[in-house]
1. Give the range A:19-35 a look and list any residue that's touching a helix residue (DSSP H, G or I) at 6+ places or on another chain (Cβ under 7 Å), under 20 Å from residue A:77 (Cα atoms) and free of Cβ contacts under 8 Å to residues at least 60 places away in the same chain, or say none.
2. Taking the condition within 12 Å of chain B (Cβ to nearest Cβ) and over 28 Å from residue B:72 (Cβ atoms), does residue A:127 pass?
3. Among the residues of the range A:76-85, which ones are within 11 Å of another protein chain (Cβ to nearest Cβ) and either within 19 Å of residue B:48 (Cα to Cα) or within 8 Å of the chain's Cα centre (by Cα) (or both)?
4. Can you pull out the residues in the range B:84-119 that are within 19 Å of residue B:69 (Cβ to Cβ) and not in a helix (DSSP H, G or I)?
5. Can you name the number of the only condition in (1) closer than 26 Å to residue A:120 by Cβ; (2) more than 9 Å from chain B (Cβ to nearest Cβ); (3) in a helix (DSSP H, G or I); (4) at pLDDT below 90 that residue A:21 fails?
């Protein structure tokens, strides 16, 4: 029973260990994870921007790095995080506006977003 | 109510929520632009001179500035919520949010200076 737990044992939000995993929960957590990843990518983006707008040598070096293994890993991770955060962000804005608010609507759109992001991840893997 | 650390509704919660959505809409419109620029440079369809011609333009600088402001507001709101959810001790939470704000402001100023310093 909830109220019999000791004060310090009570679960605090978000209750990851208590709720069963749902598509909607995965979508929400992935939104946070991808958002955090995108924040961490900002310094690298700034570094790229600086290189690309610098001297010709700097531009060539930046382009070379982007085509290297680490560059491709960076582009893939950033691309997947961006695509996911972008489309799930649109989903969240829709929900805030009152669309897809039903239980089925929330679940189906969550699955659609996860599936789209998975397709985008595969597509990016092929294209890079 | 004794256990509520910060009152939510009707205090400053709506403001955070509103700014997060507003910045989200701005990013929705602006973020695809640098993304396609990066893809074009990576793919080789845009050389350095062409890239510089685009981002040196006054419209690009203004849009880039709006993008950065929206990005900082959005990242601050998002990270603040994450920190508030997972860090329960006020002793850690407040300095961390403050440090995050200072770092983001620093990055923002640096970024803006890069954009407006281009000749």
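1. Correct list: A:32, A:34, A:35.
2. Yes.
3. Of everything in the range A:76-85, those that are within 11 Å of another protein chain (Cβ to nearest Cβ) and either within 19 Å of residue B:48 (Cα to Cα) or within 8 Å of the chain's Cα centre (by Cα) (or both) turn out to be A:82, A:83, A:85.
4. Once the filter is applied, which keeps residues that are within 19 Å of residue B:69 (Cβ to Cβ) and not in a helix (DSSP H, G or I), the range B:84-119 yields only B:118.
5. Going through (1) closer than 26 Å to residue A:120 by Cβ; (2) more than 9 Å from chain B (Cβ to nearest Cβ); (3) in a helix (DSSP H, G or I); (4) at pLDDT below 90 one by one, residue A:21 breaks only (3).
The values are calculated or read from the model by the stated rules, or taken from the named source; none is laboratory data. Note that the structure is predicted; figures quoted are calculated from it, not measured. When we count neighbours, we look across all protein chains shown, and the Cβ atoms used for this are built from the backbone with ideal geometry, even at glycine.
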